[in-house]
Amino acid sequence: MPRQHITAHIAILGCVCLGLQAYLFHLDQPVNAGTAPAGQDFDSPGSVSVVVNKERPLRDPAYVPGELADVGGVALRREAADAFARMTADAAGTGVVITPVSGFRTADAQGVLHADYAGRYGSELAESISALPGHSEHQTGLAVDIGAADRACSLQACFEGTGAGAWAAANAHRYGFIIRYPAGAEAITGYAYEPWHLRYLGPAAAAEIHDAGITLEEYAGLYRPPGSPTAPPLHPPLDALP
Ligand SMILES: [Zn+2]
C-alpha cells in the first residue's frame, strides 16, 4: 500500500478515535450537570435570562424594568411584549384565544397580593402560590399569566386542559416563553404547578428548556438533586454573587 494511503488511513482512524472519545465523554456527563450555558446572564435583573426565585430575590426590592410596553392591557418588557403579541395572534389564527391576565407587577402591588393571599389562606399556602415583593418574576416584566377567553380554570391547575393552556404548553417555547412552574417540580422551583404562568427567555433558551423537559433552575445550573456529592448551595442569593 502506498505510503500516502497508509497516512490517510491513520488520519481517518485518529479522527474516528477522537470522535468516539468525545462521544463517550459526552455520555459520561451527568444530566443537568449544573454548568450554566455560556454567554447568558442569569443574575442581572435587566437580563432576559435572569433567574428570580425564593432564594434569589432582586437585589433592589423596588426594581422596575425599563422599556415596558402594553400588550392586551398588561405591561411586559418590550421584547417579551412583542413576542407575546405574535404568539397570541398566531394562536388566534388557529381559533385559540389566549388572554393576558397579569404581567409586570410593582413590588408594592406584589406585597398587596401576597398579603391578600396570606390573609385568605394563611402564610404557608400563600408562600407556595405567590411571591414576596422582590422575589417575583412578575417584577422583572418577563412573566405573564394567561387565561382562556371564557376564564375557565383561571389560575388553576385545570387550566392545562383548556384550549389556551394546551396551546401554550405545546407552542409557547417557539415564541420564547416557558411554563415556568411545571408539574412535579415544586422542590426545584419552589412553586406548585402553574400552567398559566409563562416566562419569557427568548426562543433559543425556551426551546432548549421545553425540549429537555427541565426547569429554568436546572438549565441555569442552579439546581443539583439533594445528595449530589458536589452539590453547591441551592440558589445562592444574588447578593452573594460577585
Ligand atoms: Zn404568575
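The values are calculated or read from the model by the stated rules, or taken from the named source; none is laboratory data. Please read all numbers here as calculations on a predicted model, not as lab measurements. Methodologically, a virtual Cβ is constructed for each residue, glycine included, from the backbone with ideal geometry; neighbour enumeration extends over all protein chains shown.
Worth pointing out:
- Residue pairs whose Cβ atoms lie under 7 Å apart, sitting 6 or more positions apart in sequence or on different chains, and linking a residue in segment 137-165 that is touching a residue at least 60 places away in the same chain (Cβ under 8 Å) to a partner that is basic (K, R) and outside any strand (DSSP E or B), are Q139/R105.
- Close pairs from segment 61-76: first over 10 Å from S102 (Cα atoms) and surrounded by 13 or more Cβ atoms within 10 Å (Cβ to Cβ), partner at pLDDT below 95 and among the hydrophobic types (A, V, I, L, M, F, W, C), Cβ under 8 Å, at least 6 apart: P61/A107; Y63/A107
Table: residues versus (1) touching a Phe, Trp or Tyr at 6+ places or on another chain (Cβ under 6 Å); (2) over 26 Å from P65 (Cβ atoms).
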position: A126; (1), (2): yes, no
position: E137; (1), (2): no, no
position: I146; (1), (2): yes, no
position: R151; (1), (2): no, yes
position: W167; (1), (2): no, yes
position: G176; (1), (2): yes, no
position: G190; (1), (2): no, no
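- Matching residues, segment 69-124, being in a helix (DSSP H, G or I), of a type in the set (V, I, T) and either under 27 Å from G161 (Cβ atoms) or touching a strand residue (DSSP E or B) at 6+ places or on another chain (Cβ under 7 Å) (or both): T88
- Annotation note: Cβ proximity below 8 Å between a residue of segment 212-231 that is at positive phi and exposed (fewer than 12 other Cβ atoms within 10 Å of the Cβ) and a residue that is at pLDDT below 95 and among the charged types (D, E, K, R) (sequence gap 6+ or interchain) occurs for no pair.
- In segment 129-142, residue surrounded by the most Cβ atoms within 10 Å (Cβ to Cβ) [restricted to those that are within 12 Å of the ligand (Cβ to nearest atom) and more than 15 Å from the chain's Cα centre (by Cα)]: A131
- Of the residues making up segment 105-121, one or more are more than 21 Å from the chain's Cα centre (by Cα), within 14 Å of the ligand (Cβ to nearest atom) and of a type in the set (S, T, Y).
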